[in-house]
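The values are calculated or read from the model by the stated rules, or taken from the named source; none is laboratory data. Since this is a predicted model, take the numbers as computed values, not measurements. Please note: Cβ atoms are built from the backbone with ideal geometry, for glycine as well, and neighbour counts cover all protein chains shown. Areas reflect the complete protein model, heavy atoms only, side chains present, ligands, DNA and RNA absent. Shrake-Rupley method; radii C 1.70, N 1.55, O 1.52, S 1.80 Å.
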Amino acid sequence: VIDTETANTTDEEGNFSTSSALVYDLGFKVCDTAGNTYERYSFIIYDVFFKMKDVMQTAYYADKIPQYMEDYKEGKRICVQFMTARKILADTMKKYETNVVCAHNARFDYGSLNATCRYLTKSQTRYFFPYGTEIWDSLKMANDTICKQKWYIEFCEENGFMTKHKTPRPKATAEVLYRYIKNDIDFVESHTGAEDVDIETEIVFKCIRQHKKMRKKLWEN
């Protein structure tokens, strides 16, 4: 299970885009469907976080930069070059003989990791994940399981966790899903890679434990 935090996610016209996103924080965990965790990583990406200080100011959570520095000094996060993080992930997947990577709203993480790859290597390397990696999206999984449950719908209605669409629907953000799972309406998502992976992993486990038919793959084909 992975999560990324990025900078430079808006184009010249101010529109949101992952085509220019640059990953400065990557967290991931190795776990099984029973809920056991085997390894956990938290990477500050040196190429972006330290070498592109002007770009870092475009990060939505730029106010967390001092926190990252403190965590780095205390050894809570490891600083590595982007391609080193890529190799560590690939080696870890090989070690545990898995080709499955899951993220919440995986399209964003997949796109931003590839965009960072292409930018930093001048497109010599175009893809972040090893060839044959199967991408799962816990957002799709949750939409097909948790979000359809009567208790979840009532939870969102009672606490104001509904979308602002013409026909409101229960929100399916990682933060709201985790609030439901832990019955803690005051929980606030960290929006830092490894910590967000911790809550997204809980969402994945909750979906799997429903034993319901659900979409898993980002691309069904």
Subtracting the Cα-Cα distance of D144 and E39 from 0.36 nm times their residue separation yields 35.0 nm
The answer for the net charge of residues other than E175 whose Cβ lies under 10 angstrom from its Cβ, with Lys and Arg +1 and Asp and Glu -1, is 0
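I need the peptides 170-178, 80-88 ranked by packing, meaning the mean over residues of other C-beta atoms within 10 angstrom, with the highest value on top. Walk me through the numbers on the way to the answer.
On the way: 170-178: 20.6, 80-88: 18.1.
Final packing ranking: 170-178, 80-88.
Per the helix-only calculation at 222 nm, which mean residue ellipticity applies to the chain, given -39500 (n - 2.57) for every DSSP H run of n ≥ 4 and division by its residues, nearest 500 deg cm²/dmol? Can you show the working numbers first?
Values: 9 runs with 89 residues, N = 221.
That comes out to -12000 deg cm²/dmol.
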Taking the alpha-carbon centre of each part, the distance from segment 1-72 to segment 132-167 in Å is 24 Å
Taking only C-alpha positions in the chain, Rg and Dmax in angstrom work out to 17.5, 51
Computed over the chain: longest principal axis from alpha-carbon atoms vs helix 106-120 long axis, angle to nearest 10 degrees, is 0 degrees
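Quick one: if you take sqrt(5λ) for each eigenvalue of the C-alpha gyration tensor of segment 95-220, what semi-axes come out, biggest first, whole angstrom? Write out the running numbers ahead of the final one.
On the way: eigenvalues 171, 53, 39 Å².
With the √(5λ) rule applied to segment 95-220, the semi-axes are 29, 16, 14 Å.
Between A62 and K213, how high is the FRET efficiency from 1/(1 + (r/R0)^6) when r is the Cβ-Cβ distance and R₀ = 45 Å? Nearest 0.05. Intermediate values should be presented prior to the final figure.
Working: r = 41 Å, r/R0 = 0.92.
After rounding to 0.05, the efficiency reads 0.60.
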Stretched fully, the stretch from W151 through S19 gains (0.36 nm per residue minus C-alpha distance, one decimal, in nm) 43.7 nm
Rounded to the nearest 10, the angle in degrees between the Cα long axis of helix 82-95 and the longest principal axis of the Cα atoms of the chain comes to 60 degrees
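Evaluated at 10 °C with a viscosity of 1.306 mPa s, what Stokes-Einstein diffusion coefficient in µm²/s does segment 9-95 have when Rh comes from the Kirkwood expression over alpha-carbon pairs? Spell out each step's value before the answer.
On the way: Rh = 14.5 Å.
Calculated translational D: 109 µm²/s.
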About its Cα centre, segment 157-214 carries a charge dipole, from +1 on Lys and Arg Cβ atoms and -1 on Asp and Glu Cβ atoms, whose size in debye to the nearest 20 is 560 debye
Between the Cα axis of helix 193-209 and the main Cα principal axis of the chain, the angle (0 to 90°, nearest 10) is 40 degrees
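With a 1.4 Å probe and all protein chains in place, put R107, R179, R118 in order of accessible area, largest first. Walk me through the numbers before you get to the answer.
On the way: R107 135, R179 30, R118 65 Å².
Sorted descending by solvent-accessible area, the residues read R107, R118, R179.
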Summed over the other residues with a beta carbon less than 14 angstrom from that of I208, with K and R at +1 and D and E at -1, the charge totals +2
Rounded to 0.05, the calculated FRET efficiency for the beta carbons of I78 and R126 at R₀ = 30 Å is 0.75
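About its Cα centre, what dipole magnitude does the chain give when the only charges are +1 on Lys and Arg Cβ and -1 on Asp and Glu Cβ, stated in debye to the nearest 20? Could you put the intermediate results ahead of the total?
Values: 32 positive and 33 negative charges, 164 e Å.
My answer is approximately 780 debye.
Could you rank the peptides 26-32, 205-211 by their average count of other C-beta atoms within 10 Å per residue, with the highest value first? Let's see the in-between values first.
Values: 26-32: 20.9, 205-211: 16.1.
Per-residue mean Cβ counts within 10 Å order the peptides as 26-32, 205-211.
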Expressed in square angstrom to the nearest 10, the accessible area of F43 with a 1.4 Å probe stands at 0 Å²
